[in-house]
Every structure is written in C-alpha cells, then in structure tokens.
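Worksheet: one structure, shown below.
The values are calculated or read from the model by the stated rules, or taken from the named source; none is laboratory data. Worth saying up front: this structure is predicted, and the values here are computed from it rather than measured. Heads up, the Cβs are rebuilt from the backbone with ideal geometry, glycines too, and the neighbour counts pull from every protein chain shown. Just so you know, the surface numbers come from the protein's heavy atoms only, side chains and all, with ligands and any DNA or RNA stripped out. Shrake-Rupley method; radii C 1.70, N 1.55, O 1.52, S 1.80 Å.
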There are 2 protein chains.
Amino acid sequence: MKIGIFGTGIVGQTLAGALGAKGHDVMIGTRDPQATMQRAGASGATRTPFRDWHDEHQSVKLGTFADAARLGEAIINATSGSGAMPALEGAGAEALGDKILLDVSNPLDFSKGFPPTLTVCNTDSLAEQLQRAFPRVRLVKTLNTTTAALMVNPAAVGGGDHTMFVAGNDADAKAKVKGWLGEWFGWRDVIDLGDVTNARGTEMLLPIWTRLYGTLGSPMFNFKIVR
Amino acid sequence: MKIGIFGTGIVGQTLAGALGAKGHDVMIGTRDPQATMQRAGASGATRTPFRDWHDEHQSVKLGTFADAARLGEAIINATSGSGAMPALEGAGAEALGDKILLDVSNPLDFSKGFPPTLTVCNTDSLAEQLQRAFPRVRLVKTLNTTTAALMVNPAAVGGGDHTMFVAGNDADAKAKVKGWLGEWFGWRDVIDLGDVTNARGTEMLLPIWTRLYGTLGSPMFNFKIVR
C-alpha cells in the first residue's frame, strides 16, 4: 500500500519505519526535503536527526508534503499540533483530494513548560479545525492517545489488551482505518466514537496522558476501556 | 467513621447508601433539608426523589451543608459541578476547617445538550477553584472519572481491574483517601497524579467519558491505565 506521512519527528519516523518494514511504499512529507536531510540537530519531538534515522531506513522516501499526499492511498498526519495546519496547507487541497487522512496530531502548547496545555479544546478540536479547512479530506482522528512506540506495537504493554479510538465523519474511512490499525499494528479494541467532533474527547485525554507520563516516569502505557 | 456528604442526587445517594451499609455514621448535607424531604419529583442527576430513597436508607441522616461538614471526619462533595461552590459556601469555612474533602464533582455544562462541555478546563479546574476559595480544606480530587455505581463497587466491571486517580496538595490527605478507597469500596489501583492542578487531567476525562457513555450505551465502564 502507498502511504504518505506528514512529519519527520519521532512519530513520523516510528510510523514510517513500522510501515516500511511491513513492505508498504512509504513517503515522508516535509516542508523542505533538502533542509530536512541537511539538519544535523534534533529538537522538540525530533529526537533523532532525520538524516541519521534515514540512513537506517533508506526504503522510506522523503518528499514535500504535496509529494507525500499525491503518493499516498492513505495519508497520516504525524506532525506536532502547531505543524498540522501548515502541513496540510503545504500539501494543498488538490493533492489531498478526498483521501483518507489519519490525524495523529495533538494541539499541545509547551510554551509554558510541562505539562502542556491545549491550544484548542472543549468546544472545538484540532481535528475539526483541519476538517473545516479541508472539507473534502476524509479525516479520521486516531492513534493520538498513546506514545509512538505503542501506536505501532500495542503488544508492548499488557499484551496489547487496551483501547484505541477513531472519530470522523466518513463511515467508510473509519471502517478502513479500523481494519488498517489491526493489520498494520495489531490493534484489537478500536472504539468508534462517532463524528469528528468526538476528537474533542480524545484530544482532551492528553492532559492526563502527559501527567501520567510524569507520574509513571515512562510513556509506555495506554488507556483501556474496561466494560 | 463519621462522614458528611454534600449532595442529594444519585452520586450522594449511592455513596451514602454504600457507606451507611458498611456501618459508617453518614449525614447527607443539603441547602434546605425540609425542602429536600418534601420534594416529590426528581430532576437532573436526582433520579430517585430523595425522600423515597431515604425511606429505604433511614440510618443516613439529613442536615444542612454545615451540619454534614461539622459531623464528618471526612467530607465528600458529591454535588453537580454548578452545585459545588454553593455547597462549600453553604457549609462555610469554619465548619469545613482543615478537614479532608473528597471532591467527586465535575464542571459539566449541559445547557447546550449532550455531550456536555466543561465550564472550566485546560488552565484551571473546578477542584482548583474550590481549593482557592477554601485554602484550609485538604481537597483530594477523586472518584469523578466513573459512574456512581462503580465508585462504590469497582468489581462490577472487569473484576475491579481498572484505575482510580487522586490529586491534591496534602500528601497525608491523599494517603488517607487512597486507604479509604480500598477499605470502603475495594479500589486496588489508585494513581497519585500530584498536586491539585492535576485535577485538570481527571476533569478533562469527562468529554471522552460522556461520549463513551453514548457510544457504549451504558455508564458501566472505567479507564484502566495499562502499563
């Protein structure tokens, strides 16, 4: 399957690495591919400089946001919260078309330190902002409630016995994404919360997620809905 | 143990019934006890008129907020979000003293329908508002992330294998509350998130809680932190 991934940070790297290892045709999109390959340092969520990561994952292509959007049968937005809208704008409405977009981003504001606050919540969400700006895209909010290593390998804690969510307006897109989450990564319990406004619920899990990260001293945990 | 409970709705009734059944000396506090006993109807969270419930639970006393606060070695705030500050103000700083207050309330705004929004979140919380207004009270935010029937009987789903949280500024109060949650109700996995600002995390679980309630068609579920 051809998959475009926006974002060169730890989330984009982890998703691209896992999907590439499964034989998928993966392209990571970034604003300026040449600059990304020249950058020696790592900052923020980019714990490993992309060029060092890419040395180990040469089957993953690098292109512009528009290149990745055009290549992908599905697109994954793995940018930071502040990078999400610029990435979609960089790709452009034409390249995005009506493709399925898995939105993994969270509207985190670290400007006042840790734990971060949200830049949007309660009566709106980042997913809704993106969906409003690109109404043809079939956005499915998912994977944003757990750390990158668990997104691609839920079995790493509790034998994978925990929960993932999807929210979005397009029923067919959500059904496909639920299937992919199982096939790609082994997610077994995926709850469909309903339309894109329900992304408010999953994005608002981040305030307790970041606190649990601090309290537990590790990001290797996830929510299970016990019922 | 002497326990004062603010709130005559389903949460107050459930907590008072369970604690009374264990032999504790329980008083429910309300604004106007006589009016509460005369009320025939039920509205909002008060699914059973208090006087009908009380017929079956006559060992539970009814008094004013101040009466319940004075009696309690511990106090539980089981009001609605909008009822929380008036309840504490009704009790008064003198009656509350430096007692331990388990704050179970959530700042839910149902004025625009279901799912509700929060009246405060992200950079503040209802627990912080209450703690600032009554700085001597040793507030511990807890039990607000699950339905009343599970608060007092976590074993009713998943054999009790799921998680409760505490947040508050007083370490001794939190240690006592963790003990009580186990002794009173059988909670086994209680995570201490830190000071009262961490109540933002647990109150912001409500947007996904209310959506899961809608999606699953039952409130009998809870979050487990799998790690």
Q: Within the range A:100-111, work out how many residues are within 14 Å of another protein chain (Cβ to nearest Cβ) and either under 15 Å from the mean Cα position of the chain (by Cα) or hydroxyl-bearing (S, T, Y) (or both).
A: 4
Q. So A:G17 clears everything in (1) under 17 Å from the mean Cα position of the chain (by Cα); (2) open to solvent by 30 Å² or more (accessible area, probe 1.4 Å) except one condition, right? Which one?
A. (2)
Q.
Among the residues of the range B:208-223, what is the count of those that are open to solvent by less than 40 Å² (accessible area, probe 1.4 Å), outside any loop (DSSP other than H, G, I, E, B) and in contact with a strand residue (DSSP E or B) (Cβ under 7 Å, 6 or more places away or on another chain)?
A. 3
Q: Scan A:G186, A:G179, A:G168 and give me the residue that is at pLDDT 95 or above and crowded, with 20+ Cβ neighbours inside 10 Å.
A: A:G168
Q) So which helices (runs of 4 or more DSSP H) stay within the range B:122-207 end to end and still have 1 or more residues that are at the interface with chain A (Cβ under 10 Å from one of its Cβ atoms) and more than 15 Å from the chain's Cα centre (by Cα)? A) B:199-203
Q) For A:G7, are the conditions met, namely being buried (at least 21 other Cβ atoms within 10 Å of the Cβ) and at positive phi? A) yes
Q) If you check every pair at least six apart or on different chains, which have Cβ atoms under 8 Å apart with a residue in the range B:216-227 that is within 7 Å of chain A (Cβ to nearest Cβ) first and a residue that is acidic (D, E) second? A) B:K224/B:D161; B:K224/B:D189; B:I225/B:D189; B:V226/A:D161
Q) Which of (1) open to solvent by 10 Å² or more (accessible area, probe 1.4 Å); (2) within 18 Å of B:M204 (Cβ to Cβ); (3) in contact with a strand residue (DSSP E or B) (Cβ under 8 Å, 6 or more places away or on another chain) does B:D103 not meet, given it meets every other one? A) (1)
Q. Mind checking which residues of the range A:42-78 are under 22 Å from A:L19 (Cα atoms), assigned to a loop (DSSP other than H, G, I, E, B), in contact with a Ser or Thr (Cβ under 8 Å, 6 or more places away or on another chain) and open to solvent by 20 Å² or more (accessible area, probe 1.4 Å)?
A. A:A45, A:T46
Q.
touching a helix residue (DSSP H, G or I) at 6+ places or on another chain (Cβ under 7 Å) and among the acidic types (D, E): which single residue out of A:D67, A:D103 fits that description?
A. A:D103
Q) Does A:V157 count as in contact with a strand residue (DSSP E or B) (Cβ under 6 Å, 6 or more places away or on another chain), over 19 Å from A:A18 (Cα atoms) and of a type in the set (A, V, I, L, M)? A) no
Q: Give the residues of the range A:196-214 that are among the hydroxyl-bearing types (S, T, Y) and within 12 Å of A:F114 (Cα to Cα), sorted by residue number.
A: A:T210, A:Y213
Q) What about A:F114, is it under 20 Å from A:T14 (Cβ atoms) and either surrounded by fewer than 20 Cβ atoms within 10 Å (Cβ to Cβ) or within 14 Å of another protein chain (Cβ to nearest Cβ) (or both)? A) no
